[in-house]
Amino acid sequence: MRKSTPRDVKRAAKWNKDHPERRREIINRSNRKRMDKIVQWGREHPEARNQTVRKNQRKVREKVMKVVGHACRLCGKDGREHDGRSVNGVQFHERHYKPHPQSASALWYILKHPEDFIPLCIKCHTVVEYLHDVFGVSIEEIEIWLKERKR
Ligand SMILES: [Zn+2]
């Protein structure tokens, strides 16, 4: 392929400007081709794919912990002690008990609404959810109760 000259670049820019819809179509088609390739690669290499997914999730989790926090708001246990895995580490509690995405897309949702979430360890999270579901107790009430108890 020959190197493109400034004139080629200018001509291409003009074509893009004159054919916005056609340009979008071409971009979409090449994006789809790229996505298909990635999906195909995932089918052929399920283990490597899972590893990549887990690695990316760990990265997002670390980002969320930086923004929301990594120590349980109630008992102080640090979620980073456990390799960043949600099974043992910190969880993120939605303060207003609003429905929100679960599992993989939850982390991206939290990054978009960090002010709605607090870090809780698994034990405290279970208790907080239980007190809310069974007795209608909010996280604010629990926090007030803990503060008064410490005095
Ligand atoms: Zn805790």
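The values are calculated or read from the model by the stated rules, or taken from the named source; none is laboratory data. What you see is a predicted model; the values in this text were computed from it and never measured. Quick reminder, even Gly has a Cβ in these numbers, built from the backbone with ideal geometry, and neighbours come from all protein chains shown.
Return the residues of the stretch 115-147 that are of a type in the set (Val, Ile, Thr) and out of contact with any His (no Cβ under 8 Å at 6 or more places or on another chain); say none if nothing qualifies. Lay out the reasoning, then the answer.
Narrowing the stretch 115-147 to residues of a type in the set (Val, Ile, Thr): 118, 122, 126-128, 134, 137, 139, 142, 144.
If the condition is that a residue be of a type in the set (Val, Ile, Thr) and out of contact with any His (no Cβ under 8 Å at 6 or more places or on another chain), then Ile122, Thr126, Val127, Val134, Val137, Ile142, Ile144 are the ones that fit.
Looking at this structure, is Leu146 loosely packed, with under 14 Cβ neighbours inside 10 Å, aliphatic (A, V, I, L, M), in contact (Cβ under 8 Å) with a residue 60 or more places away in the chain and outside the structural domain of Met35 (by TED's automatic domain parsing)?
It is true that Leu146 is loosely packed, with under 14 Cβ neighbours inside 10 Å, aliphatic (A, V, I, L, M), in contact (Cβ under 8 Å) with a residue 60 or more places away in the chain and outside the structural domain of Met35 (by TED's automatic domain parsing).
Only one of these is in contact with an Asp or Glu (Cβ under 6 Å, 6 or more places away or on another chain) and either farther than 25 Å from Leu146 by Cα or surrounded by 14 or more Cβ atoms within 10 Å (Cβ to Cβ) (or both): Ala48, Ala71, Ala13. Name it.
On the way: Ala48 fails: in contact with an Asp or Glu (Cβ under 6 Å, 6 or more places away or on another chain); Ala13 fails: in contact with an Asp or Glu (Cβ under 6 Å, 6 or more places away or on another chain).
Matching residue, one of Ala48, Ala71, Ala13: Ala71.
If you check Ala104 against the conditions, is it hydrophobic (A, V, I, L, M, F, W, C) and in contact with a helix residue (DSSP H, G or I) (Cβ under 9 Å, 6 or more places away or on another chain)?
Yes: the conditions hold for Ala104.
What helices (runs of 4 or more DSSP H) lie completely within the stretch 24-139 and have 1 or more residues being touching a Pro at 6+ places or on another chain (Cβ under 6 Å) and either at pLDDT 90 or above or not hydrophobic (A, V, I, L, M, F, W, C) (or both)? Even if it seems obvious, please write down each step before you answer.
On the way: elements: 46-68, 104-112, 122-135.
Passing ranges, in order: 46-68, 104-112.
Does the stretch 114-128 contain at least one residue that is polar (S, T, N, Q) and either without any contact (Cβ under 8 Å) to a residue 12 or more places away in the chain or at positive phi (or both)?
yes
Confirm whether Asp36 is within 16 Å of the ligand (Cβ to nearest atom) and either more than 21 Å from Ile144 (Cβ to Cβ) or not assigned by TED's automatic domain parsing to the domain that holds Glu143 (or both).
Considered against the rule, which asks whether it is within 16 Å of the ligand (Cβ to nearest atom) and either more than 21 Å from Ile144 (Cβ to Cβ) or not assigned by TED's automatic domain parsing to the domain that holds Glu143 (or both), Asp36 comes out as no.
Just to check your reading of the model, which residue among Glu129, Glu148, Glu140, Glu47 is of a type in the set (Asp, Glu), within 16 Å of the ligand (Cβ to nearest atom) and more than 13 Å from the chain's Cα centre (by Cα)?
Matching residue, one of Glu129, Glu148, Glu140, Glu47: Glu129.
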